[in-house]
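Everything below concerns the one structure shown next.
The values are calculated or read from the model by the stated rules, or taken from the named source; none is laboratory data. Here the structure is a predicted model, which is why all the values come from computation and not from measurement. A quick note on method: Cβ atoms are made from the backbone with ideal geometry, for glycine too, and the neighbour counts reach across all protein chains shown. Quick note on the areas: whole protein, heavy atoms, side chains included, nothing else; ligands and nucleic acids left out. Shrake-Rupley method; radii C 1.70, N 1.55, O 1.52, S 1.80 Å.
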6 protein chains.
Amino acid sequence: MRLLLINPNITEATTAAMVEEARRHASPGTEIVAVSAAFGTQYVENRAEAAIAAHAVLQALAEHAAGCDGAIVSAFGDPGLAAAREFADVPVFGIAESAMLTGWTLARRYAIVGLTQRLRRWYIECAEEHGLAGRLVSVRALDLPIPDITRAKEQFRDRLLAECHAAVAEDGAEAVILGGGPIAGLAREVAAELPVPALDGVACAVRLAEAVVGLHPRKPTAGSFVRPAPKPAKGLAPALFARITGSA
Amino acid sequence: MRLLLINPNITEATTAAMVEEARRHASPGTEIVAVSAAFGTQYVENRAEAAIAAHAVLQALAEHAAGCDGAIVSAFGDPGLAAAREFADVPVFGIAESAMLTGWTLARRYAIVGLTQRLRRWYIECAEEHGLAGRLVSVRALDLPIPDITRAKEQFRDRLLAECHAAVAEDGAEAVILGGGPIAGLAREVAAELPVPALDGVACAVRLAEAVVGLHPRKPTAGSFVRPAPKPAKGLAPALFARITGSA
Amino acid sequence: MRLLLINPNITEATTAAMVEEARRHASPGTEIVAVSAAFGTQYVENRAEAAIAAHAVLQALAEHAAGCDGAIVSAFGDPGLAAAREFADVPVFGIAESAMLTGWTLARRYAIVGLTQRLRRWYIECAEEHGLAGRLVSVRALDLPIPDITRAKEQFRDRLLAECHAAVAEDGAEAVILGGGPIAGLAREVAAELPVPALDGVACAVRLAEAVVGLHPRKPTAGSFVRPAPKPAKGLAPALFARITGSA
Amino acid sequence: MRLLLINPNITEATTAAMVEEARRHASPGTEIVAVSAAFGTQYVENRAEAAIAAHAVLQALAEHAAGCDGAIVSAFGDPGLAAAREFADVPVFGIAESAMLTGWTLARRYAIVGLTQRLRRWYIECAEEHGLAGRLVSVRALDLPIPDITRAKEQFRDRLLAECHAAVAEDGAEAVILGGGPIAGLAREVAAELPVPALDGVACAVRLAEAVVGLHPRKPTAGSFVRPAPKPAKGLAPALFARITGSA
Amino acid sequence: MRLLLINPNITEATTAAMVEEARRHASPGTEIVAVSAAFGTQYVENRAEAAIAAHAVLQALAEHAAGCDGAIVSAFGDPGLAAAREFADVPVFGIAESAMLTGWTLARRYAIVGLTQRLRRWYIECAEEHGLAGRLVSVRALDLPIPDITRAKEQFRDRLLAECHAAVAEDGAEAVILGGGPIAGLAREVAAELPVPALDGVACAVRLAEAVVGLHPRKPTAGSFVRPAPKPAKGLAPALFARITGSA
Amino acid sequence: MRLLLINPNITEATTAAMVEEARRHASPGTEIVAVSAAFGTQYVENRAEAAIAAHAVLQALAEHAAGCDGAIVSAFGDPGLAAAREFADVPVFGIAESAMLTGWTLARRYAIVGLTQRLRRWYIECAEEHGLAGRLVSVRALDLPIPDITRAKEQFRDRLLAECHAAVAEDGAEAVILGGGPIAGLAREVAAELPVPALDGVACAVRLAEAVVGLHPRKPTAGSFVRPAPKPAKGLAPALFARITGSA
């Protein structure tokens, strides 16, 4: 099975960290192929950056999905996930949704812990859009400057862990999701220190993708996830243009 | 007051039709400036096309919002509306949300009538994202091929009107929104034939924009609609790049 | 355009203050006509007083709506708003609902700040009845005696502003509505001191009424807002009796 | 135990019919005292008439509640129920809410069958206001002229029964509430012909009132059901004026 | 009227305490028959114990319901209540649901105060399953060891009362339910010290059962509460086996 | 990895069919161990039978979970799932929840198709309890006698398929879950004939269990899924008694 991991932002170091975590959790025989966004921002943390990232995700699918059995939108917040499901021929997974669905099987109430205050609202809206906010008890984040996002996982490990503990003790979380590509792997590293399951979006997405892709669900030909009919377009990257206009 | 009307798709004829309707409802002293998407598709009717359109809306704001007092995202479904509010320095309105809010003051239950079956799900999700689905009783649409979207308003007038009547009689709609840029103005034309208020998104957006802009609400410096801080980016159009990176 | 501003309580000084604020925000050509409740209480702050006020609003419409293009129920909490919409031949607006709908276009989460603790629950139920409680994060109010309600705006300006700041900082409000007729105008006065939009119900209602009335929506002849059929009655004021029994 | 049954409309024949049904279900030792609205309409079936009726209910409480242990607002739709609870010193029950709560103990899904189409929307909003709409599957009503409301129970018995059967067979109702004062007693008369429990609002209210009053719950001195503090008023009936202003 | 009070746990002392409270609130002519669970645990406070208790409730009904007019599931949390309603030929009441429904007529917001932290989540899920969580503001419980559950009522009276006061002052509760069979009667004992109604599940269930049973609702022959058709079974107690297989 | 498949009913043929389907979807290295309920009914289709089955599930866990890495409650409706999660030391999955969560990644709206009308309401309540009813558009079932539940899959294949098609065409389902142990495997057999993904509960549960168990989530020591503390009990099967009382 080949899975395409799409990093919706432009930071290669984050892509590399996520691929490493993905491969650690992949089953034998699962190949992880990765790509970073062709355009966008260093780190996605609000609605405007997510809007741009969603476009980049579609372009990445147009350019790289051929030959893959499934794809992963690998930024917490899942920019463009529903659009990607409509657009792609294979199942697509988001790291936020995957972690939430995994948490659904382990607990009644989950929390998300992320890097920045700015991310909080976007994460909440992500859960709402996914129809999974009913069990979200809190989104906690650091409230201090992040000088280097690619080193945040090491630098703020203790503070993030403290937020996880607070989510359990004060908010009643029964599972904690460590959200955000740059902290991929942190859930695994702190799991033993927490009294409830700690979940990593990338790990959950890889496992869930393997599970669902292995069921061989068909691409629908009815409903709102049918691939859109060809339509005139302009100003798009060649592969995306070709797929949207049906010229390829 | 100067309002920027952004058509999130690339069809100039639709832009022109919407501008005409906008000007018809504008108060004396309100100037309507219009722009079509620099990239995207002929007509936005699903999540994938909306994702691309949202990016185009931000780019249009970056390029054209200077000197405007407010902006209108002028495709029913409001692609990128929340992102645009975060991104812009002035109030931004969507034609779907504006029609829904107007209907809120006139009825307890509203319906949307649109052109194509494909649009239906997107419109529902638009209402859900806006937190306004609680009073939406149905989304009705034609179920036949639309050979020329720019002539659909004339060609399918009677069938669209029949759907409006069905929304009232069968679904209990107490207000009907005629949704979709290509049918801008149709609500006005059929209003006298319907037993409940008929609402046009463009008309509602212009009126609501005038109302709210005239209150001079401040751009927030707290909360999730604060303008995002500058951040490294790549691959974006110059004006958008400049605004996102803070280099302009 | 002529708008009838109905004060559902009996305090003329409050009526005068609201009219002044209304005229300040009205467009050229908009005339504001005002009337106080013919019966009721000095200030409406609970369900019982609101029930009486709703009757007074209908009576005011029966007596004064002729020749007006729209009406405003001008007590925060909107007593009798839905009944008034059913009853009147012209669009009717509430100052609470209008502020909420305006806030809907500017923020995802709004708070209300009012004068007394007693008002808090009524305001929450008002938002629920309007279907707009989904984004209401808190209702804050002073917790001290109000010796003279007509002078409260000046006397408690700083404390009310402090509650607004708390709504932003502690509750996450992204827009703050200053609720209550006696503090009409306070939102405008403190707007520059708050980091998010500050909204005044009277101002929002006047602007929204102008916007919607200008669309010329029809009085429905289908649905639950049709004018009730004539029916025997007794014990009502002459104009109200005449309108309800169809004898006028 | 003495219970005050308040008919919120002015039709004495309906009051008499409801009192008869109430006494039939009352326990030994329960006395039913009845009063019709001092003002209002022949029959309450929409929001405007309900607004007036709510005021009349408060006046009836002010004039007649002394010496009673509980009160019943005896029009389906429960005009003024929450206000009455705040206002009165004794527990107050609504015939709609009582039937809904009784149905809650017998079924997961209930329907309401009433006399006129106009009532339908008001009944739905009544269930919503009571927080009990989550299990309401439908509100059905006759769609024909009612020449004499006081004879409707006999005249339309078969048609109302047919709607009850349709509620079970088509809507999945597991309990059916026969709503509306003028058809008080019909549920009892048709119960044997229906495959699910048939509930009468007056009967349920009397039984529930006996149950709750017998628990001797205290009038709260905290929360939103505390009796409002005295306040200046004008234009009210003497007993109501005295109670509101605290002058009696 | 004869009511069967089923204690879903195995502690006879708790059964006795609940019967005493039940008889105190029963009307003349109401007979209370009691039975403890034939199997299960000393005290039900989580989902696993409740699952076992639900089975025991059905067995108790099969063994003891004959000759009774109604039954009460007398553990707060109402284990097996919906199943019991389906299974029994007579109306069945839960002490949690009964208290919630009673509170519904007295307040807009209620709280539950119980003995142990472990119970809190189960009580919340109970309210959710009953469709009555919309007005639940908090579930408070002691956070200390309970050496002897049968003496907890006396031993922790002051601490439980303190939680009740906190529910009113901090959570805004307008009615407080004292939950849990072992503290049956406590609500009555502390009622005078609280500013809002204090409700006891057993008391409410007896009163509500009398009210509803007296209406003589029929056992449904349509819908999901029809008695299940006979079906092969094994491993069940004789009376339960006989009722399920239809062999008795 | 070893997974314990628990059939909550007593029919060995159904257990065998489910095990076969489970093994078909299991990854290499996954061992499926199966057990039927020690007591209960032939087929679980209502709340009462589910209550007994939940107890049987706990007993099966007590007797057979040792040495397993995860468990599956293998009756659609998931009797006792939450209790089992609390009770067991390993992750537990339900075939209904697993199919719903899988569908969540593939569609916005799903339907369930089952064998009997009686099952419909239970399935809906299952989705509600799991917090996953928000996207459930319908539960469809045959409306005819099932002479032999173990042969129903072959006998009613065409009628079940017709219901699936109706769920797509009439209800707007974008994924269809074939629910019920006796029809395990049917989804796979009809998948190619449906225009949307067809999902089998057993298949989804095995795949999801593999995914989540492979993440090695910890048994919580905080929150409502902590294993209950030892407690006196009586009348339980030896292994269950030992686990509950802590004597083993």
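Based on C-alpha pairs under 8 angstrom that are at least 6 apart in sequence, chain F has a relative contact order of 21 percent. Under a Gaussian network description of chain C, with springs only between Cα atoms under 10 Å, the residue in C:60, C:141, C:48 that fluctuates furthest is C:48. When the alpha carbon coordinates of segment C:97-201 are projected onto the principal axes, the ranges are 34, 29, 23 Å, largest first. Surface analysis of segment A:51-195 yields an accessible area of 28 Å² per residue, using protein heavy atoms and a 1.4 Å probe. Of the GluC sites (Glu not before Pro) in segment A:101-183, the ones in a loop by DSSP (not H, G, I, E or B) with at most 14 other beta carbons within 10 Å are A:170. Only Cα pairs within less than 10 Å get springs; with that Gaussian network setup on chain D, which residue of D:142, D:236, D:161 has the largest fluctuation? Fluctuation is largest for D:236. FRET efficiency for the pair residue C:12 and residue E:133, taken as 1/(1 + (r/R0)^6) with r the Cβ-Cβ distance and R0 = 41 Å, rounds to 0.35.
Only Cα pairs under 8 Å and 6+ residues apart enter the sum, and on that basis the relative contact order of segment E:131-248 stands at 15 percent. Sorting the Cα pairs of the protein assembly as shown by distance into bins of 20 Å, from 0 upward, gives 10, 36, 40, 14, 0 percent per bin. Between residue F:192 and residue C:171, the modelled label-to-label distance comes to 6.1 nm, taking each label 7 Å out from Cα in the direction of the beta carbon. With R₀ fixed at 60 Å, the C-beta to C-beta distance from residue C:151 to residue B:33 puts the FRET efficiency at about 0.85.
With solvent modelled as a 1.4 Å probe, how much accessible area in total do chains E and F shield from it at their shared surface, in Å² to the nearest 100?
Numbers: alone 11060 and 11070 Å², together 19140 Å².
Looking at E and F, the buried total is near 3000 Å².
Using a 1.4 Å probe on the protein heavy atoms, what percent of the accessible area of segment C:97-201 belongs to carbon and sulfur?
45 percent
Structural descriptor for segment F:97-200: relative contact order 33 percent, calculated from alpha carbon pairs under 8 angstrom and at least 6 residues apart.
The rotation axis that maps chain E onto chain B passes nearest to the beta carbon of this chain E residue, listed with its distance in whole angstrom: E:134, 7. Shielding of peptide F:192-200 by partners, expressed as the average count of other chain Cβ atoms within 10 Å per residue Cβ, is 4. The label-point distance for residue A:242 and residue D:23, in a model that sets each label 7 Å from Cα toward Cβ, rounds to 8.9 nm.
For segment E:13-47, list residues with backbone N below 16 Å from a point placed 7 Å from the Cα of residue F:229 toward its Cβ? Under cut-off, by backbone N: E:42-47. Karplus-based coupling profile of segment D:75-84, in residue order and whole Hz: 9, 5, x, 6, x, x, 4, 5, 4, 5, with θ = phi - 60° in 6.51 cos²θ - 1.76 cosθ + 1.60 and x standing for Gly or Pro. Counting Cβ atoms of other protein chains within 10 Å of each Cβ in B:23-31 and taking the mean gives 2.
Under the rule of -39500 (n - 2.57) per DSSP H run of 4 or more residues, summed and divided by the residues of chain B, what mean residue ellipticity at 222 nm is obtained, to the nearest 500 deg cm²/dmol?
-12500 deg cm²/dmol
In chain C, the alpha-carbon atoms span a convex hull of 119 Å³ per residue. Remark: mean inter-chain Cβ contacts per residue of B:4-11 equal 1, using a 10 Å Cβ-Cβ cutoff to other protein chain atoms.
Summary of packing: across the peptides B:202-211, D:73-82, the per-residue average of other C-beta atoms within 10 Å ranks them, highest first, as D:73-82, B:202-211.
With both bridge residues required to lie in the protein assembly as shown, what share of the DSSP beta bridges run antiparallel, to the nearest 5%?
Just about 5 percent of them are antiparallel.
Using a Gaussian network model on chain E with a 10 Å cutoff between Cα atoms, which of E:105, E:150, E:11 fluctuates the most? With Cα springs under 10 Å in chain E, the top fluctuation among E:105, E:150, E:11 is at E:105.
If one computes the Cα centroid of segment A:109-188 and of segment F:36-68, what distance in Å separates the two points? Segment A:109-188 and segment F:36-68 have Cα centres separated by 38 Å.
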